[in-house]
Structures are given as C-alpha cells and as structure tokens.
1. Normalised by the residues of the chain, what does the relative contact order come to in percent, with Cα pairs under 8 Å and at least six apart?
2. Could you work out how far apart the two model spin labels at residue 71 and residue 243 are, taking each label as a point 7 Å from the Cα in the direction of the beta carbon, and quote it in nm?
3. Report the full-extension gain for the segment residue 212 to residue 81: residue separation times 0.36 nm, less the Cα-Cα distance, to one decimal in nm.
4. What order do you get for 268, 45 when you list them from fewest to most C-beta neighbours inside 10 Å?
5. Treating the angle as unsigned and between 0 and 90°, give the value, to the nearest 10°, between the Cα long axis of helix 136-151 and the longest Cα principal axis of the chain.
6. Grab the Cα-Cα distance for residue 46 and residue 63, subtract it from 0.36 nm times how many residues apart they are, and report the gain in nm with one decimal.
7. Using only Cα atoms, find the angle between the long axis of helix 337-346 and the longest principal axis of the chain, and express it within 0 to 90 degrees, rounded to the nearest 10.
8. Out of the DSSP beta bridges found with both residues in the chain, what percent are antiparallel (nearest 5)?
C-alpha cells in the first residue's frame, strides 16, 4: 500500500543521479521547492546544464558512488542503467533514505518513494499516484482533471487553520459584468477568500456562488452617491487583512483602469499588508467588442484613447477625435455626455462623427444607442440611457463596418441588439 506524504525539502540536501531529461525535470522541480540539489553524472543534458549554470544545482562530473548518499534527505536516480539505478536504490535503503527510481521502459521502478503527478494552485499542492505500481499516464490524466477543477475556482480553497502570513489582499478585476469574463485567476482568488469587498459593477452574480460563510462587504458606488468613501474602503481592506484574513477586493473591469486600484495598493503597502493584483477585462475594451465595434481597424484607425468623462476633454483626446487619428472611449461619461458633446463641437469636431453608447455591456440586457455626434445627447435622453455605459466615438462605430459597408448611414432610431447592433 502506498501512502501519500508531504515532504518539506526546502534548504535540505537532495541527490539526483543521472544527466538526462528525466533527471533534469526532477532536479528543476526540487530546486523550485528550495532544495539543495546535487547532480551526479558524467554528462548533462542542456536543461540540467542550464540549471547548474544558474546556480540552482551543483554538479559532480563522474559516476555516482555510495558516499554521495551521505547526509541527504532524498535520492532520485534516473540514469536509465539498470545496474547503477539498482545500486543507488540499495545504498539508499541501507541508509534509511527514501529513494525515487525513475525506472525505464524495460523495467519497473524499484525505489522506496514515488514522484506524484502534481499540480499547484496557490498554496495547495495536489499529487496523484497509483497504489498498484507506477502508472504515469493515468496519474497525469487524473491530475489534469483535478487541476482544471481547482483552477476554475469550483472548490472552496480557504484555509481552515490560521497562519502567521495569512492576512493579505488580492485586487481582482472582475471584468465588465458577464461572469464568464471573470478570469480563471480571479475565480481562484474568490475560492480562497475569507472576505470579499465588492463593487456595484462587475460580475456581482458570482457572489451568489460563494460559500454562505464568506463575508461579503458591499462598498458599491453609483453616480453621485458614494456611501463608502475610498478612504473607508482602504481602511476595511487593511483591517480585514490584519485580522489574518484573505481579502478579495472584487472590482468591475480592471483594477488599474479608473478603478482606484493604485490607491488601494498604496494603502495596503503603507500598512505593511501584502497585496497582489489580478488583472481584469476592462469595460473600455469589452463594451465595444460586445457591441461588435472594433476599436482599431486596418485602414480606418490604428489607435485608441481612453478617458474619464468627468475630467473633460484633454488636448490629445480632442485632437484624435477631430482628425480621426484615434477612437475615443469614454468611461463614466453618461452624466457628462451633454458637456462633452458641446465642448467637442466647439473644439472643431465633425458633427457627423458616429457615436455608440453601450449600456450594461456583456449582460443580457445590453443596449446600444448609435447617433452622430450632434444628435447623440438628445437621443440618449429620449431613450433614457443610464450608467453603467461606455461611450465610443469614431469611424469604427459606423454600422456596416464589419460587413464591408463602412459608409452605411447611421440609423439613430434603430433599436439595437447585442453584438453589432
């Protein structure tokens, strides 16, 4: 009967016998765990040589001898030579040192330990071995299925025991709203979370999938209404992490695209709290794609300018709109739209520049409103356009572009549907 055992090898000497590809894979894995790797072989394959040159292993250029096993914690033999591997296994057994024998196509492995097919997700390491003898292909297939399950965030990965370095913050970019656009890394972070500090925007439906005892703190903001100011959000993140909890800050879009993620990182670091960032799909790009609008298109435009509507036009954005050198994407622009249109027209923009306003991008009730610049404000008011919405200005928003008819007239009264309405 084979028993699984987690072995801590960081800082401990291990011996790898052999200089081929199998020995290279094992030596690299051991070095990754922080082991002090000693390789004994007359010759080395290129990956092993690279490992030695990088200082991650030391090499003895000769055949293995019994004294090489003195004071080591683990031996891995992979010479492919029956006599040598069998001798190493016997020497290890005599010293009560566990030995992994790679075996070969013509003989079964004879060591006292077995290397599992392993996968790591965060700080969880999962290994698969067969209890009835080595069966690497089957172990790998099972490992890969388990890895897919873990990486999809479908397993509760929260720690049940406190750890000194446990408290930390992960800023997760949740994407524009559709849960399917939340990244695998974002889902995995949520699977490990003790606390989720959530915005109003983004994939809020994913919160319903969390275990009931995960604490969810709503800090959502709406236009003109910020019940939880940014300083208080920063305080919540730091305080929860200092209590030893893994805190996920779930944000719409990407944390570093008008998401104040930088401010939250600064607050955590100032308090000595570990913080990492999981990028997200920004609505600046996703909204246009969901509406069938290519932000760049060969022969039409090759640059994009993203701006915050509340800040008004910059010289670069207005110049790009006026001369058609870039597509302009406006976030947080619904309330500011009348002023933006007025100032653009006053600044010399073509009144007939096509504009698309994408509401609730990627969600089932997504709606797209299209009109030329000089008419878009009135049409949006008539249709009751509301945030969250992304405003896209430029020739790429003209209907028919992707059908090969870029000069098709703008039908401002049409009721648009998703994906290219």
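We did not get these values from a lab; they are worked out from the coordinates using the rules stated. Everything numeric in this text was worked out from a predicted model, so none of it was measured. Counting neighbours? That spans all protein chains shown, and the Cβs are built from the backbone with ideal geometry, glycine included.
1. On the way: 843 pairs, mean separation 41.6, N = 421.
Averaging sequence separation for qualifying contacts and normalising by length gives 10 percent for the chain.
2. Simple spin-label model gives 4.9 nm for this pair.
3. Values: separation 131, 0.36 × 131 = 47.16 nm, distance 5.59 nm.
Gain on extension, residue 212 to residue 81, equals 41.6 nm.
4. Working: 268 22, 45 16.
Listing 268, 45 from fewest to most nearby Cβ atoms yields 45, 268.
5. Taking the Cα atoms of the chain, the angle to 136-151 is about 30 degrees.
6. 4.3 nm
7. Result, in degrees: 70.
8. Values: 23 of 66 bridges.
Approximately 35 percent, going by the DSSP bridge assignments.
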